Amino acid sequence: MSENKDNRPELNNFNTLRKAEWNSLEGLFESHAGLSFEKQLIFGDFIGSHGWQLDLGKGSILFGDIELPIQVIGSLSFNTSSWMWGWANTQSGIPENLLVHSRQLKALGEEKKSKNLQTVILMWMKVLSTK
């Protein structure tokens with residue numbers, strides 16, 4: 001990094017970091033797991049021990065007095081150990097405006113030819129345990 005006449009670093013000489021390419025859901029998960037975990041911890045500190053209420057009509061989740069907008073990515077069934085993407089869950093009645101990010105993930109799956117992002121139902125224990 002070069003310095004200017006005030007002995008301050010020049011900001012235009014930093015290297016640009018690019019996100020790693022991925023070709024599987026596992027690769028994507030591995031690339032982002034640490035940062036996602038850190039965000040989850042920070043969010044936990046932010047909401048504290050408040051219970052939560054979901055309002056699909058308003059598209060928000062409430063933690064005590066804290067109201068935040070939501071997007072529905074999908075749903076998890078502990079009975080069948082499966083995950084269904086929000087874009088595929090046509091019987092749920094989820095409002096279309098809450099499925100924007102889910103549909104973006106589907107489009108990304110189509111672009112990257114990722115079967116896991118395009119498959120309607122994933123057996124999540126199998127997905128997490130295979131390499």
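The values are calculated or read from the model by the stated rules, or taken from the named source; none is laboratory data. This structure is a prediction, so every number in the text was calculated from the model and none was measured. FYI the Cβ positions are ideal-geometry reconstructions off the backbone, even for glycines, and counts take in every protein chain you see. Note: accessible area is taken over every heavy atom of the protein model, side chains too, but ligands, DNA and RNA are not part of it. Shrake-Rupley method; radii C 1.70, N 1.55, O 1.52, S 1.80 Å.
Brief remarks on what is shown
- Residue in the stretch 41-50 that is outside any helix (DSSP H, G or I), free of Cβ contacts under 8 Å to residues at least 40 places away in the same chain and under 14 Å from the mean Cα position of the chain (by Cα) present: no
- Filter result for LYS106 (basic (Lys, Arg), touching a Phe, Trp or Tyr at 6+ places or on another chain (Cβ under 9 Å) and either modelled with pLDDT under 95 or within 22 Å of SER24 (Cα to Cα) (or both)): yes
Conditions tested, residue by residue: (1) open to solvent by 80 Å² or more (accessible area, probe 1.4 Å); (2) hydroxyl-bearing (Ser, Thr, Tyr); (3) touching a Lys or Arg at 6+ places or on another chain (Cβ under 9 Å).
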{"position": "GLY57", "(1), (2), (3)": "no, no, no"}
{"position": "ILE61", "(1), (2), (3)": "no, no, no"}
{"position": "ASP65", "(1), (2), (3)": "yes, no, no"}
{"position": "LEU68", "(1), (2), (3)": "no, no, no"}
{"position": "SER77", "(1), (2), (3)": "no, yes, no"}
{"position": "THR80", "(1), (2), (3)": "no, yes, no"}
{"position": "TRP83", "(1), (2), (3)": "no, no, no"}
{"position": "ASN89", "(1), (2), (3)": "no, no, no"}
{"position": "SER92", "(1), (2), (3)": "no, yes, no"}
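- Of all residues in the stretch 23-70 being polar (S, T, N, Q) and closer than 25 Å to GLU111 by Cβ, the one that is modelled with the lowest pLDDT: ASN23
- Cross-chain or 6+ apart pairs with Cβ under 9 Å, the stretch 96-107 first and touching a residue at least 24 places away in the same chain (Cβ under 8 Å) and outside any helix (DSSP H, G or I), then aliphatic (A, V, I, L, M) and open to solvent by less than 90 Å² (accessible area, probe 1.4 Å): LEU99/VAL72; LEU99/ILE73
- The residue of the stretch 43-55 that is farthest from ASN97 (Cα to Cα), among those that are open to solvent by less than 50 Å² (accessible area, probe 1.4 Å) and in contact with a Phe, Trp or Tyr (Cβ under 8 Å, 6 or more places away or on another chain), is GLY48.
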